[in-house]
1. Over the whole of A:88-97, what's the average partner chain Cβ count within 10 Å per residue? Rounded to a whole number, please.
2. Taking N as the number of residues in the range C:147-189, what is its alpha-carbon radius of gyration divided by 2.2 N^0.38 Å?
3. By count of other Cβ within 10 Å, fewest leading, how are B:CYS69, A:CYS276, C:CYS105 ordered?
4. What's the center-to-center distance, using Cα atoms, between the range B:318-388 and the range A:96-172 in Å?
5. Connecting C-alpha atoms closer than 10 Å in a GNM of chain B, tell me which of B:SER157, B:SER289, B:SER299 has the biggest fluctuation.
6. Output the DSSP H helices from chain B with an along-axis C-alpha extent of no less than 24 Å and a mean Kyte-Doolittle hydropathy no less than 0.0.
7. For chain A, what are the DSSP H helices with axial Cα length of 27 Å or more and mean Kyte-Doolittle hydropathy of at least 0.5?
8. As a check on your grasp of the helix formula, calculate [θ] at 222 nm for chain A: sum -39500 (n - 2.57) over DSSP H runs of n ≥ 4, divide by the residue count, round to the nearest 500.
Amino acid sequence: MKRVFGDRKTILILLGPTLVIYVLLKIVPVMWSLGLSFFDGNSLSGFTFTGFANFGRFFTDPIAIQSLWVSIIFALLATGGQIILGYLLALLYVFVLRKGSAFIRTAVFFPMVLPTVAVALLFRNLVSVGQNQGPINDIINLFGGKSVEFLASSVGTMAVALVMTYWSSMGFYAVLLYTGLLDIPDEVIESARLDGANGLRLVRHIVVPLSMPILISSIIFSFNSTLKVFDSLLALNNGGPGTSTTPLTLYMFQTAFNYSDYGYASTIALMLTILCLLFTLAIFRSSSRKAEA
Amino acid sequence: MITRRSRRTLVAVSLAAVTAVTLAACSSGSGASSGNAASGKDPKAFTVLTANENPTLTAELKELASGACSAENKALPLKSQTVAQADVVQKVTLLASQNALPVHFIAGTAMVTPSGDLGKNGLVLNYEKELKKLGVWDDILPGAASTVTSVYGQMVSLPYQYNIEGIWFNKKIFDKLGLSEPTTFDELMADAGKIKDAGYTPFATDGKDAWPVTRLIGDYIFRSMGPDAMKDVQDGKAKLTDAKYVKAAAAVQQMAQDGYFGQGFVSTDAATATNAFLTGKAAMMYDGSWLLSNINDKSQDIIGSDNVGLMPFPAVAGGKGSIDQWPANAGAAMAMNPKDYGPKVGQWLKCIANNYGALALKKDGVVSGFKINKTVTNVDGPTKMVQKKVSDIKQTVLWFEALMDAKSTSLAQSNVSLLTTGQMTPKTYMSQLQAGIDANK
Amino acid sequence: MTTMKTMAEPILTSTPSGRARSRRALRIVRRIPVWIIVAVLLIVVLYPQFWMIMGSFKTQTEFLSNPTWSLPQHWDLSNYIDALTRGNVAVNYRNSILVTIPAVCLIVLFGVAAGYALEVMIWRGRNSVLLLILAGIMVPGQMILVPLFTFYFKIGITDSLWPMIITYTVDGLPLATFLMAAYFRSVPREVFEASTMDGAGALRSFFTIGLPLMRNAILTIALVEFFSVWNDLLVALTFTTDPSLATIQVGLLSLNDQYGSTQYGPLFAAVSINIVALLIVFVFLNKKIMSGLAAGSLKG
């Protein structure tokens, strides 16, 4: 049996194209770029070798450290929220709505397809104050509160950005996890039910363990995309007020493309990649420990 | 109204086209004999890279290509390329490093200065030299030329726009409250207080884009310390942490704390601020003369264009600056690649210099830094007013961030929301900015 | 957010209890919380989209002066005309389609094959390769733009749609491969082993068992990749300067002016057109997913 699934030619045919494209057009450019962390300058002014100077600069640059924290905090809160919401939705689709879930699935997924610029505009309007106040502040006024200018503070901006992220991505994670839940054979669920497991216990002891691979993959994917959050914070409040909601990607982008400091930008990118790696390894480790237990 | 105007425009354009073709025919003949004017080699096409967000310039160049410059276009066809404004620095750096710069291109402010990436590498054409050789240097307004030279350190951009900035005000509200144009900053603040008490927003402010707020800091500095105040900072003769500079930041912070910018101005965007002014909810708005396109648009301008006035930023008591030194700019840098500058490109340049001013004014009401070589009738009232102010100007000043590097500019603009909301002191704001400028030296 | 948390409850309440006297009445009562949740959910996700479509009929002044929830005063299509005539919308749509479809096909094709090779096939080093591909998800995409631009320029394809198609494929592949591997992992190995009992090779098993079994997953990934490619702005901006190669997202930029002002009406009109176009794609694919579901029930 093993020989059939160990056939070299088959592996080469199936994996070859991906690997060639991937190494040539992703790994090589990434290495090229990351190598520039040790240089200063850009492709027009030329590069000068500076050794580890950029790394020293990173750890003494207050904006870089601040951006690092923005990325980490955003990733933790965004991932937590969107995976929980997505999983609850997926459970709703599979076990409550069942075959009738198609319309809801489409509707909840749909915010994902809207351009970020339009979504940011929508949320800016929802929380606006002043001449043309948005509904959120109307509700606050209704309960006797004073209007809040969310986008004038970093906590407010972060909160709006998170709600915006949940709104637009929960449907995506729901569909992703839903596809995984569908793969659980009905017999397994049925026999568990006959054994007396139901409700929360069924979910905790049967459904969650069985959907673990896709759940872990989703968490990894979510961390890796939210750690690299870029356009939503940019479109919502331009990383402000000040630079207090500027994530690492935005800082890197500005450094490379607006300030033409390509070497330092590569250093920031390298730090971000290391961060993603650490998070991914941490998830792998905790999930394998869980599997052993 | 619109159809009548466009028909008239059409007639005027076709007339202009006929004369221009004959003119162009002559000029291209003479151009060929003085071929030494060109230093580079002609490319295959006249490629022009403009900002995606500025379709007007592309459209006007296209109109020139099919009209006044059709002979030049036949010799060297115009090819438009576009780039997103936010992407300009990256794109131009990439193209330049691949030796693939378009003939005529938009660039970042800091790139085209003598010490910038393009300036250092000899990738920007000196227009003054070439336009003089072509005999059309007169077509550039002296004020525009001096603005371009003082921003970029050399004449490396064509003034497709020539904007002045000041305080637009609603005459009706001023009359109603018995106010007259304030000439000093203290008067302006006193008036703003009265306006606020009357229930209007004193200044409609686009705090999201931040520059309308930093401009006020800059103007205050120019009024109190004279037109060279920011150059002195750049040259190290003064520091932003000096008391007088900090005072400017404090003055603007005070305006915000007094509520003169209106509720929620930090998250107010350009369209919303403009709308508040043009619908009569706000009495004043600091903006450039490009606001004319909104003012002349009847569907946006509810208060009526007769009720719109423009006044300069007022004087600061005991200051060295003067109220008639208007802040001015000449739009984004539009440079030319010397390597592609051949005789045919030279003819294009000449034709643009000859015709752009009148065309832009007639077609889109744009006030440019080119001389208007044909009489243009039917100019909207407010545009005429701005044009008159532009022609009366003796001295201009730059804007707050004009001489700063890209990173300090972005720092100035991102921190200003912290300053105005009181999350940062004027002193910290200025010292962070000074540190940014120092780091770039 | 609190409404979402209660979503676990219907799962609790919907399990058969068996002892109730009037089952039918109880079932209806039990369904009530579900309906409330679904209704709230629909309002939360649909109202903003409705708001955008309403915005597409408002004039600039109306949009900025009237309350957020107000309906347009006139139902005129001038914003749509503006959105469609400004720039080159037809060309933009054509380019978006010409870029998105090949890229998504390549991503899915290569991704499924690689996922199978990495998860179902057994060979030494497959975990390292999977990790290498996972690393691709970690690297910020902005970083490879400059090297890729240089590369495309050197081989002379910058004046075409190819740079975009290739870059999207490269960007989408790691996620597709990684997710496909995860989906293959949740299928019991016996299914594949049984298929090779009659002497068929692994490659045939991939086509006869792997592909049909993964129909849901393939469509899900195709959907996800389709939307991420369709909505991308960064790559499209970097690799095009010629307006005749611009995609729809690049085209939308011309609705902002150089001083930061936005034309709301035409912007929302363009977004609404986009919504309708994508809705058609989505409904079509969703139907496929449902029919795939019915076919997938064979797998047992």
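No lab work stands behind these numbers, since they all come straight from the coordinates. Computed from a predicted model, the values in this text were never measured in an experiment. When we count neighbours, we look across all protein chains shown, and the Cβ atoms used for this are built from the backbone with ideal geometry, even at glycine.
1. On the way: counts 7, 3, 0, 4, 9, 0, 1, 4, 11, 3.
Mean shielding count: 4.
2. Working: Rg = 15.7 Å, N = 43, 2.2 N^0.38 = 9.2 Å.
With N residues counted in the range C:147-189, Rg over 2.2 N^0.38 Å equals 1.71.
3. Values: B:CYS69 29, A:CYS276 24, C:CYS105 14.
With the fewest neighbours first, B:CYS69, A:CYS276, C:CYS105 line up as C:CYS105, A:CYS276, B:CYS69.
4. Cα centroid to Cα centroid, the span is 44 Å.
5. B:SER299
6. Numbers: long enough: B:2-33 (45 Å, 0.67); B:343-364 (30 Å, -0.28).
Correct list, ordered by number: B:2-33.
7. Values: long enough: A:62-91 (43 Å, 1.78); A:154-182 (40 Å, 1.35); A:262-292 (45 Å, 0.93).
Span-like helices in chain A: A:62-91, A:154-182, A:262-292.
8. Values: 14 runs with 189 residues, N = 293.
Helices in chain A give a 222 nm mean residue ellipticity of -20500 deg cm²/dmol.
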